[in-house]
Structure formats: structure tokens, C-alpha cells
Amino acid sequence: MGVRILGIESSCDETAAAVVADGREILSSVVASQIDVHRKYGGVVPELASREHLRQIVPVVRKAMAQAGLQLGDLDAIGVTQGPGLVGALLVGITYGKTLAAALGKPLVPVNHLAGHVHAVFLEAHKAARSPKLPAVCLIVSGGHTVLYKVKADQNSCYGDGGVFRYRKLGQTRDDAAGEAYDKVAKLLGLGYPGGPILDRLAAAANGAAAPVKFGPTKTRGNPLDFSFSGLKTAVLYHVKENAEYAAEIRAREEAMGRGERKFEQLLPLCSPRTLGLVREFQNAVVRDLVERTLAAAEELAAASILVSGGVAANSQLRATFGERAKSSGIEVFFPSRALSTDNAAMIAAAAFALFRAGILADTSLNADPSLSLA
Ligand code: KG4
Ligand code: ZN
């Protein structure tokens, strides 16, 4: 059997561990989500996240090893997220990974969380015996990031060998991440946390509901590949404040939420056609912006493929729109499955494999880097 790497991820609000063989075959992947802990605050509370990671890290790693049917001694290396992320959260995974590596006498591989999101796309493609062609443009879009990279193979290796990628940043958000905009809009509409999944489903249920307001394309001065979502979020906020009709249904939804009724089926009847039209229009604006700028980047660079990863990559309208637009522009678009789009440790183990093969290792001085960049 090939190289078996245990990946550990704790950069935000998911404690995750996974075992991946040869950077491609997922032997196990365990994710303990903290959504229930952070929900009542409407976002991730860093101190609570660190405490939850401490509680979860040992059982999550044990479960990942058991699911893979392996003993710790069978591992060839341990890959751990070094950054970017919340410093206290990162430290839990790093300290655990360092201790495990030292105790087992195994190599420790430091992984950039964003490189993990890129590798998630390759992991998924591999399941279908496909391999995205390089150079590619990669959109990483989540609650913490909205950024476009050029991804190419390192000159001295190619992905087929488990090679290392080279990255160049093409653009990024100047304010909120797209997932953050989803979360904030859901909160102000009384739709709970996290906002992405529920807004995604409500937008799909809007059918022909008329948009009560129109949001035009976002203009950004300077780099045309930069994003901005805070203006859109503020536009939704003003629209809701200026139209008193929304207040009663928002209150009704908040009350339902207080009773633990937060399922789509429970919330849909509490949403007027006006609200559904607003949600749909918000999503149209986000999706249009993400797709247009990514396609513009791909065209400018004559990219061979487009990769989309991160929590918002789970969005059904984003996936469908990229699919349609890609077909007409003749460029292939690759998404991870929903499980590999959101934070997980299989992507960390896959990214670690390439670094391990290239001899890029860490020692016990490894520290968390909350603003670690990819390029
Ligand atoms: O990658 P992720 O699990 O964590 C980080 O932020 O790194 O992404 C979580 C984000 C949240 O903001 C959530 O609202 C958003 O991804 N999200 C979605 C969907 N599912 C999750 N946004 C839009 N549509 C979805 N279906
Ligand atoms: Zn992430």
C-alpha cells in the first residue's frame, strides 16, 4: 500500500481528521462541526472554537484511524493545517499533530488551508478518473475567503507524480467573503446560521417570485478581478429597513428559530413571495459576480480549466451557472462534492502528500500562522 497520511484540520469551526493514500484515495474522513455551539451567536466565536477543538481532536483522530482500519504506526506522515485561520483554533491541531509526529517518530507536514481547498478539487476529480488540466484558475469561496488564484504545476514535477503546485493570486475580496455575506443576510432576515444552505434552498423555491429590488453588477475600481460583497449586504439591509412589510415575518421566523424550528420545510411557509424574491435576487448578484470574474480571469490567462472550492462552492445555483457558462465557453469546470467543498481534513492530507514527496517538512518549532498566504 502507498503513502498513508493523516490530515488534521482545525483552522475554523470544524475539527477534522482523515487518512488519504497517495494523495488520492480517501481511506477515512471525519468532520466534527461546531455549528450548534456558534449558532446562537450568529457566527464563529474564536474562544469557543478553540475549546471545542480541544474536546474533539482526540476522538476525531481516533475515529479517522478506526474508519481507515489502521494503527497510528501504519502512517507515513502527519499533515496539519498551519494557517490561515483562527490562531487559537489552529494551535490545537498543530500542537496535537506535532506531539503525535514526535511520539511516533513520523514526519510532520505543514499545510496551507487554501492549498487544501485546491487539492479538494483534485481529490474529487480523481474519483471520476479525471484530472483537471493546468494552468487552471481556482476560485476559493467560503465564509472566510473569496480569492482567485492561478494554479500551475511546479516546473520540476507534475500532479501525476504528486507534485507541488505553484500559485499566483489574481484577485480577492476587499471586504466581506461571499459566505460571510450569505451569513449576514440570513441573520438580518431571521433565517439563522449558517446562512448559505438555507438561502440556497429558499432561492431555488422562489420560482417566479418577482424581485422586490434589483441589485446591479458590483463595480470595483482598480483590479477587475477583485471582489466586494459588503455593498450588496448593506443594500439588502437598507431595503429591509425601508420596507416595514418585512418586520412581522422576520419576527415570526426568529420565534420559530427560538423553538428549534430551523429546517427548510419549517421556514419556507414563513417566507412571503417578496422575501423569496429578495433572496433569489441576492443570490443572483453573488453568483453573477463570482462567475463573471472567474471566467474573465480564465480568459485572460488562457487557463485550461476552472476549479471552484470552499463552502460556497456547495451552492446549487453557482454550480449550475458555472456548468452552463463553461459549456458555452468551452472550458472545463471542476467542483469538489459538497462534503469536500466545506472544511475537511482529506484535502489537508492530499495537499500534505505533495509536500511530503517534495521533502517539505516541519519540525517541533512549527507555529500557527493566522494570516499565512498562498501567493
Ligand atoms: O469552507 P467553509 O466550511 O468554512 C470556511 O469559511 O472556511 O465555508 C462555510 C461558508 C459559510 O459562510 C456558509 O454559509 C457557506 O460556506 N455555505 C454556502 C452554502 N453552504 C455553505 N453558501 C452558499 N450556498 C451554500 N449551499
Ligand atoms: Zn476553508
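Points worth noting:
- Summarising the strand pairing of the range 116-270, around 95 percent of its internal DSSP beta bridges are antiparallel.
- About the Cα centre, charge dipole magnitude for the chain (Lys/Arg +1, Asp/Glu -1 at Cβ), debye: 320 debye
- Sorting 202-214, 88-100, 114-126 by their mean Cβ neighbour count within 10 Å, with the most densely packed peptide first, gives 114-126, 88-100, 202-214.
- The 3J(HN,Hα) values that the Karplus relation (6.51, -1.76, 1.60; θ = phi - 60°) gives for the range 307-312 are, in residue order, 10, 10, 9, x, x, 6 Hz. Gly and Pro appear as x.
- Long-range amide H partners of R166 with built H, under 5 Å: K152, A153, D154
- Set of lysines near K106 by C-alpha distance (under 26 Å), chain-local residues within fewer than 8 positions excluded: K63, K98
- Acute angle (nearest 10 degrees) that the helix 316-329 long axis makes with the longest principal axis of the chain, alpha-carbon atoms: 80 degrees
- Convex hull volume of the Cα atoms of the range 57-207, normalised per residue: 186 Å³.
- Candidate lysines - alpha carbon under 27 Å from K263, same-chain residues fewer than 8 apart omitted: K40, K184, K187, K233, K241
- Ranked for footprinting exposure by Cβ neighbours inside 10 Å, fewest first, Y193, Y149 give Y193, Y149.
- Among T275, T342, T220, T81, a tally of other beta-carbon atoms within 10 Å of each Cβ gives an order, fewest to most, of T220, T275, T342, T81.
- Overall form of the range 42-106 per C-alpha gyration tensor (a/c, 1.5; a/b vs b/c): prolate
- Building the convex hull from the alpha-carbon atoms of the chain and averaging its projection over directions returns 18.5 nm².
- Sequence ranges 291-303, 253-265, ranked by mean other-Cβ count within 10 angstrom, highest first: 291-303, 253-265
- Degrees, to the nearest 10: 195-204 long Cα axis against longest axis of the chain: 50 degrees
- Pairwise FRET efficiency - A302 versus D363, Cβ, R0 = 51 Å, nearest 0.05: 0.80
- Whether the range 244-371 is rounded, prolate or oblate, judged on the alpha carbon gyration tensor where a/c under 1.5 counts as rounded: oblate
- Exposure proxy order (Cβ contacts within 10 Å, fewest to most) of L191, L75: L75, L191
- Three principal axis lengths of the range 1-113 [C-alpha, angstrom, descending]: 45, 23, 22
- For the options D74, D22, D183, a Gaussian network treatment of the chain with springs between C-alpha atoms closer than 10 Å singles out D74 as fluctuating the most.
- Nearest-ten-degree value, helix 178-188 long axis tilted from longest Cα axis of the chain: 40 degrees
- Taken along the Cα-to-beta-carbon direction at a fixed 7 Å, the label points for R251 and E332 span 5.5 nm.
- Computed over all pairs of different Cα atoms, the Kirkwood value for the hydrodynamic radius of the range 180-304 is 15.4 Å.
- Average projection, convex hull of the Cα set of the range 162-242: 8.1 square nanometres.
- Karplus (6.51, -1.76, 1.60) ³J(HN,Hα), θ = phi - 60°, over the range 130-147, in Hz, Gly and Pro reported as x: 10, 9, x, 7, 10, x, 10, 9, 10, 9, 9, 9, 8, x, x, 9, 9, 8
- Comparing Cα centroids, the range 95-110 and the range 316-330 end up 42 angstrom apart.
Rule-based calculations on the coordinates, nothing more; no lab input. Computed from a predicted structure; not experimentally measured. All Cβ positions, even for glycine, are placed from backbone atoms using ideal geometry, and neighbour counts span all protein chains on display.
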